[in-house]
Amino acid sequence: MTINFNIHQAVSLTTINQPKTQIAPQQQVTDTDAKIEAEAEAEAEPEAIAAFTGEAQKSSPYSALLNPEGFDFSNMSINEFKGIVDAVRKLESDTQRASGNTESLRGTFWGDVMDVKGSLEGINFQNRGFSSSDKIDITAFFELGVKEAQQMRKEHPRSFSKVVGYARSSLSTVEKLTSESFIKEYQAKAVEFLKSQDTPLIKTQA
């Protein structure tokens, strides 16, 4: 079940999680086969992407990324998403550290990922109308964050002009993190890195 977000009263939620239109039985349809096919597509459950089919350590810092059931980002809790973000951030940090590169990840794409992680930590769930364990549409949540920021900028242009840019950046980062190509790339990277390590890495924060 997908949660509707109650973030800002001035923001319209009609484009997010809009209920499917019910068609009355008495309505006449000229192309019945096309109608049935269209309804079947609309009602189809989203399929999980990037199901991990390889072999890897059952217990590793990247287990949230190596999920044999795949990922349905349209029906995922904030807690689950944070676990994935943590796994890919730690993998990037660990591989960089193992290569001898001690430079900060700030100023790179991973700086943006850390900002997304920070925004997840700062969610006030009481005001949002759902909990960290409720299933939501992750991308829709960040899309709504952009709409909220845009509305606040209309009301207070000077105070919230940078907030819109930040919200858009977060959405762009999340869209990349939730893409199948990205997940598969980092699953392969995790497997190769685990194979290269003779001893478990000490858990560190990216």
(message) Which condition from (1) open to solvent by less than 20 Å² (accessible area, probe 1.4 Å); (2) under 26 Å from S60 (Cα atoms) is the one that A167 breaks?
(response) (2)
(message) The conditions are (1) touching a residue at least 40 places away in the same chain (Cβ under 8 Å); (2) surrounded by 14 or more Cβ atoms within 10 Å (Cβ to Cβ); (3) over 20 Å from the mean Cα position of the chain (by Cα), and A98 fails exactly one of them. Which is it?
(response) (2)
(request) Take the residues in the range 126-158 that are modelled with pLDDT under 90 and closer than 29 Å to E92 by Cβ, then tell me which one is most open to solvent (accessible area, probe 1.4 Å). (result) R128
(message) Which condition from (1) open to solvent by 30 Å² or more (accessible area, probe 1.4 Å); (2) touching a residue at least 40 places away in the same chain (Cβ under 8 Å); (3) part of a helix (DSSP H, G or I); (4) under 25 Å from F52 (Cα atoms) is the one that S181 breaks?
(response) (2)
(message) Return the residues of the range 75-96 that are in contact with a Ser or Thr (Cβ under 7 Å, 6 or more places away or on another chain) and modelled with pLDDT of 95 or more; say none if nothing qualifies.
(response) N75, S77, I78, N79
(request) Give the number of residues within the range 83-95 that are closer than 12 Å to K189 by Cα and open to solvent by less than 10 Å² (accessible area, probe 1.4 Å). (result) 4
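What do you reckon, is G70 more than 17 Å from K189 (Cβ to Cβ) and open to solvent by 30 Å² or more (accessible area, probe 1.4 Å)?
no
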(message) Kindly evaluate S119 against the criterion of being under 22 Å from I49 (Cα atoms), touching a Ser or Thr at 6+ places or on another chain (Cβ under 8 Å), among the hydroxyl-bearing types (S, T, Y) and surrounded by fewer than 17 Cβ atoms within 10 Å (Cβ to Cβ).
(response) no
(request) Could you tell me whether V88 is assigned to a helix (DSSP H, G or I) and within 16 Å of L177 (Cα to Cα)? (result) yes
(request) Tell me which residues, restricted to the range 63-75, are more than 12 Å from L177 (Cβ to Cβ) and in contact with a strand residue (DSSP E or B) (Cβ under 7 Å, 6 or more places away or on another chain). (result) G70
(message) Looking at L65 and the list (1) of a type outside the set (F, W, Y); (2) in a loop (DSSP other than H, G, I, E, B); (3) open to solvent by 30 Å² or more (accessible area, probe 1.4 Å), which single condition is not satisfied?
(response) (3)
(message) A190 - would you say it is more than 30 Å from R97 (Cα to Cα), among the small types (G, A, S) and buried (at least 19 other Cβ atoms within 10 Å of the Cβ)?
(response) no
(message) Anything in the range 144-171 that is within 15 Å of L120 (Cβ to Cβ) and either of a type outside the set (S, T, N, Q) or more than 13 Å from the chain's Cα centre (by Cα) (or both)? List them, or say none.
(response) L144, G145, Y166, A167, S169, L171
(message) I'd like the residue in the range 101-116 that is touching a residue at least 40 places away in the same chain (Cβ under 8 Å), of a type outside the set (D, E) and under 22 Å from F142 (Cα atoms) and, out of all such residues, is surrounded by the fewest Cβ atoms within 10 Å (Cβ to Cβ).
(response) F109
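The values are calculated or read from the model by the stated rules, or taken from the named source; none is laboratory data. These numbers were taken from a predicted model, which means no experiment stands behind them. FYI the Cβ positions are ideal-geometry reconstructions off the backbone, even for glycines, and counts take in every protein chain you see. Protein only, heavy atoms only, side chains kept; ligands, DNA and RNA dropped before computing areas. Shrake-Rupley method; radii C 1.70, N 1.55, O 1.52, S 1.80 Å.
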